[in-house]
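Bear in mind that the values in this text are calculations on the coordinates, not laboratory data. Remember, predicted model here, so these are calculated numbers, not experimental data. With ideal geometry, Cβ positions are generated from the backbone for all residues, glycine too; neighbour counts draw on all protein chains shown.
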Amino acid sequence: MTRTQIIVIRLVLLALVLGAWEGLPRAGIINPLLLPPLSDVLVMLVDLIRRPMVQEAVAVTALEVIVAFIIAVPIGAAAGILIAENEYIGDICKPMLFYVFSIPKSIFLPMFILVFGIGFQQKVAYAAFTTAFVVLMSAAAAVESVRSDHIMVARSYGATKTQILFRVYVPSMLPILLEALRIAMIFNFTGVMIAEMYASRTGIGHLIANWGENFQMPQLFAGVIVLSAVAIVFNEAVRALEAKCSTWRT
Amino acid sequence: MQHLANVSQLRAQAGEAAIEVEGLSHTYAGANGSVPALVDISLSVRKGRFVVIVGPSGCGKTSLLMMLAGLRQQTDGAILCHGQPMPKPDPERVGVIFQEASLFPWLTTLDNIEFPLSLRGTSREERRRRSQAMLSLVGLEGFGERYPHELSGGMKQRVSIARGLVQDPPVLLMDEPFAALDEQTRMTMGHELLRIWSTTRKTVVFITHSLTEAVYLADEVLVMSARPGRIIDHIEVELPRPRTYEMMATDVFGRLRDRIWQQIRKTA
Amino acid sequence: MRRPDPAAVRWMILAALLVLWEVVPLTGALPELFLPSLSKTLTVLYIDRHIYFAALLVTLYEVALSMLIACGLGILIGALVGGLAMLRELLLPVFSSLYAVPIVILYPVFTAWFGIGSSSKIAFAGIYGFFPVMLSTAAGIRTIDPQFLLAARSMGATLPQQITRVIIPASLPTVFAGLRLGGALTIIGVVVAEMLTASAGIGYLVTLNRTILDSPRVFAAILAILVLSIAYYMLARALESRMVVWQSAGRRQQQSSSRGEPVAVPTPAAA
C-alpha cells in the first residue's frame, strides 16, 4: 500500500469515528447526556480555554510535569547507568526491578500525601518517583545496548575513557535515549494525572475528576480531548526527532 | 526398510528422467517494469543422479529450486517431476532441504522428523518407526528426545535431512544446506550426505556456492550465469565413487574446479 | 572478603527493609502517622482480616474480568494487526500514538457512565491493559521465523495446518508474555481506579482509611496489594517458564548482552 493510500484510509476512519461521535448522540441512539455530540464538546473546549481558572490549572499541571521530569531523569539515569556498568550491583538489582514494575506505584500515593500534604510538592514527588524507575530501566538498557565490539575497537586504537564515552557510547545510545525520554514523559504525565485526580485542589487532572463527579460531560470530554491532543503531539514530535537521529539504526 | 526405492520400479523406468525442465523462464514485476530472473532453462536429471547447480549470487538458482519444489510457479516453460508437473509442494515426490534447518523449536528431534507424516494422519507406530529409521540413517541415534536448541548446527541439518527423507521421496532438493556451517563440519556433512545418498539412491539436486563442494559431491555440475540466469555449462564429474577426501588434491579435481570458476568469471 | 551472592544480598535487603519498617516508627524517627510499624500494620490486618479478604475478592473479581478484555482482545487484535501486513501498516502506528495518552483521564468518563461499582473499574482496567498487550503481541508475532512457514509449506501443510501446527505453537511465548503483562497492568488499573472512586475493593480501603487518617489500616491495604501483585508476577513467571522451556533456552543466549525485556515494549506501571 502506498503512503497516500494509507493516509487516505486513516483519514476516512477518523472521519467515521468523528462522524459517529457527532451523529449518534444527536440522533439519540446514544444518550447525549452521557456522550455529548462532538460539536458541543468543541464549543465547550473553546470556551474553557478562555477561562482563567482553566488556564491556571493548565499552567500548574504543566509545571508539575516539567519539574517532575527534570528531577526524575538525572536520578533514574544515574541509577540505571550504575546498574548497567557495575556488574555486581546489576546482578543484585536487576531481578528486583521486574518485581518493582509489577507493583502499582499508586499505592504509595497516600505516603506522599502523608509526608508532603496535598499540593505541588506531593504531586511532583510522586510523579518523579514513578518516572525515575522507567528512566532507570531505559538507561540501563541503553548502556547495555552499546556493542562491546565497538568499544573494543575504540580501546584497541588507544581511546581514553572519556573519548569512548563521547565517541562511542553517546552516539550509540542517542536514539535509544530519545525513545526512553519519550516513554518516560508518557509515564510522567500519567503520574501527574493520577496524583491530581486522587487528591489535589489544582491542576487539570483535578478539574477533570471534578467535572466527572458533577456529570459535566461536555467539560469532561473537552478536557480529555485537549490532554490527549497535547500528549499525542508531544509524542509525535519526539518520534520525529528520534527518526532524524537514528537513520543508521537497523 | 520396505519403503526404500522399489527395485522393480527402478528397472521399469531405468534411464527415464526424474526431473525434466523445458524452456523455463521466469520474470517478476520489479519497481521499474518486469525483471527477467531466469531465461530459457532446459535440463534433464536422470534418476539416481547427484546434480549440483553452481552460480554467482543472485543468479536465480534458489528461485529455480523453489519452482522444482512447487513452492513457486514459473511464468513460462514446463517442469516435470517423475512425469508429473509441480503445481504445489508434493513431499511424497520431492523432499526439500533449506539452508536454514528450520526445525520447530517446540518439538523434539523425532517429532520434527515425523512432522510431515503427522500432517497426513499416519498412525503413531508407523510414524515412530519411520522417524527412528531416518534418525539412524543420518547417524543421530540416541538424540531423538533432544530439542533443537540442544543440537549443533551440523546436527540440526542432519535432522532436516532426515525430515526430508522420512516420506521416502525419490527426489531431494537441497538449497545450500551446509552454507551456515563451518568448513570442517561442511566437509563431514558432505561426506555423510554421499553415504546417505548411496544407501538410498535418491535423485538429488544440490545448490551450492562452493566449487569444491560441487565437484566433490556431483555426478554432474550445472553452471548458471549471473542474472538473468541461464545454464551455461554442463560438466560431467568423472571421479570414481565412493569419493574420498584425497581426491580433492588430485589434478582432475583441480581442473574441474578451475573450469567451473572460469565459466562463472566470464559471466559475472 | 568474597562478595556475597547477589540473591543473598537481595534477601538481606528485603529483610533490612522489613526490620526498618518495624524499628524506625517505634524509635519515633518518623511519626506513626507517616509510617506505622510493621507489627501494628500486621495486627490491624489480622483483626480486620474479614474486611480485607472481602475487599480482595472484589478486587480479584474486577481484575479477572478486565484481564479477559485486556488479554483476550489485546492478544487477538495484536496477533491480527501484527500478522497481517495491511492492518499493521495501517493501524499499528495509530495504536502506538494512542498509547501516549494517559488512559487514566478517561476514568471519570467510565464512572459517569457505569457508576462507581465494579463495571467502571473493569472497563477502565480493561482498556488500560489492552494497549500494551496489543502492542506487545503485535511485536512478538513478527518475531516468528518466516522460514518455519516455508518449511511447513514444502512439507505439504495446508493453510489450517500451517496455522495450528506452526503459527500457534510458535507464538506461545508471545501469548504468555502478553498474559503476564496484561495481568500486571489490570491489577494496576483496578487498584488505581479503586483508589480514585469506588465503594469496594482493596484500593478503596486505602483511600477510605487515609481520609480518616488510620495509617495502620492504610498500610495494611498497601501491604495486601503488594503481596497480590508480587504473587501474581511469580505465578505468571512460573507458568511461563514451565510452558515454554524451549524458548527460554533460546533467549538465554541473548541475555548475556541485553536485558530479558526490551525497552521498546512498554513495561507495566506508570501507576
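Efficiency by 1/(1 + (r/R0)^6): what FRET value for C:Leu235 and A:Phe108, r their Cβ-Cβ distance, R0 = 25 Å, to the nearest 0.05?
So the FRET efficiency works out to roughly 0.60.
Charges only on Cβ, +1 for Lys and Arg, -1 for Asp and Glu: so what's the dipole of chain A about the Cα centre, in debye to the nearest 20?
The calculation lands at about 480 debye.
Taking the Cα centre of segment B:104-168 as origin and charging only Cβ (+1 Lys, Arg; -1 Asp, Glu), how large is the dipole, in debye to the nearest 20?
Approximately 120 debye in magnitude.
Between B:Thr208, B:Thr62, B:Thr122, find the one with the highest GNM mean-square fluctuation for chain B; connect C-alpha pairs within less than 10 Å.
B:Thr122
Give me the base-10 log of I(q)/I(0) for segment A:40-245 at each q in 0.09, 0.13 Å⁻¹, Debye formula, one uniform scatterer per Cα, rounded to two decimals.
-0.44, -0.81
How would you order C:224-236, A:209-221 from highest to lowest mean count of nearby Cβ atoms within 10 Å?
A:209-221, C:224-236
What is the average number of partner chain Cβ atoms found within 10 Å of a Cβ in A:71-83?
Partner-chain Cβ atoms within 10 Å, mean over residues of A:71-83: 0.
How much length is gained on full extension from C:Leu57 to C:Glu89, taking 0.36 nm per residue of separation minus their Cα-Cα distance?
Full-extension gain reported as 7.4 nm.
Let me make sure I get this right: for segment B:104-168, a, b and c are the square roots of the gyration tensor eigenvalues over alpha carbons, sorted descending. Under 1.5 in a/c it's rounded, otherwise prolate if a/b > b/c, else oblate. Which is it?
In terms of gyration-tensor shape, prolate.
Could you work out the relative contact order of chain C? I mean the mean sequence separation of Cα pairs under 8 Å and 6+ apart, divided by the number of residues, in percent.
Value for chain C: 24 percent.
Spelling out what I want: for every residue of segment A:140-156, take phi, set θ = phi - 60°, compute 6.51 cos²θ - 1.76 cosθ + 1.60 (Karplus), and round to whole Hz; glycine and proline get x.
3J(HN,Hα) across segment A:140-156, in whole Hz: 4, 5, 5, 4, 6, 7, 5, 5, 5, 6, 5, 5, 5, 4, 4, 5, 5.
Each label point is 7 Å from the Cα along the Cα-to-Cβ direction; what then is the distance between the points at A:Gln121 and B:Ala78, in nm?
Here the answer is 9.1 nm between the modelled labels.
On a 0 to 90° scale, report how tilted helix A:3-27 is relative to the longest principal axis of chain A, with both axes built from alpha carbons and the result rounded to the nearest 10.
Between the helix axis and the principal axis of chain A, the angle is about 40 degrees.
List, in the order given, every pair from A:Lys94/A:Lys244; B:Lys61/B:Lys202; B:Lys61/B:Lys266; B:Lys61/B:Lys88 whose Cα-Cα distance in the structure shown is over 22 Å.
A:Lys94/A:Lys244
Within 10 Å of each Cβ of A:229-240, how many other protein chain Cβ atoms are there on average?
Mean number of neighbouring Cβ atoms from other chains: 3.
Which value, in debye to the nearest 20, gives the size of the charge dipole of segment A:141-250 about its Cα centre, when Lys and Arg are +1 and Asp and Glu are -1 at the Cβ?
Value, rounded to 20: 500 debye.
Give the peptides A:137-145, A:152-160 in descending order of average Cβ contacts within 10 Å, highest first.
Ranking, from highest mean packing down: A:137-145, A:152-160.
When only C-alpha pairs under 8 Å and at least 6 residues apart count, what is the relative contact order of chain B, in percent?
For chain B, the relative contact order is 25 percent.
Enumerate the calculated ³J(HN,Hα) couplings along segment C:30-40 in order (Karplus 6.51 cos²θ - 1.76 cosθ + 1.60, θ = phi - 60°), each rounded to whole Hz, writing x wherever the residue is Gly or Pro.
10, x, 4, 5, 6, 8, x, 5, 4, 5, 4
Quick one: angle between helix B:124-137 and the longest Cα principal axis of chain B, in degrees between 0 and 90, rounded to 10, please.
Between helix and principal axis, roughly 60 degrees.
Over all directions, average the projected area of the Cα convex hull of segment B:70-142 and note it in nm².
6.6
Hey, got the average number of other protein chain Cβ atoms within 10 angstrom for residues in B:101-112?
Per residue, the number of nearby Cβ atoms from other chains is 4 on average.
Under 26 Å Cα to Cα from C:Lys121, which lysines show up? Leave out anything in the same chain fewer than 8 places away.
Correct list for C:Lys121: A:Lys105, A:Lys123.
To the nearest 0.05, what FRET efficiency results for A:Val233 and B:Arg259 with a Förster distance of 45 Å applied to their C-beta separation?
0.10
Cα gyration tensor of the protein assembly as shown, axes a ≥ b ≥ c as square roots of the eigenvalues: rounded (a/c below 1.5), prolate (a/b > b/c) or oblate?
prolate
In whole Hz and in residue order, list the ³J(HN,Hα) couplings for segment C:198-210 that follow from phi through the Karplus curve 6.51 cos²θ - 1.76 cosθ + 1.60, θ = phi - 60°; x for Gly and Pro.
Each residue's phi maps through the Karplus curve to give 7, 10, 7, x, 6, x, 4, 4, 4, 5, 3, 6, 5 Hz.
Could you tell me the calculated FRET efficiency between A:Ile164 and A:Cys245, based on Cβ-Cβ distance and R0 = 22 angstrom, to the nearest 0.05?
Once the sixth-power term is evaluated, E becomes 0.65.
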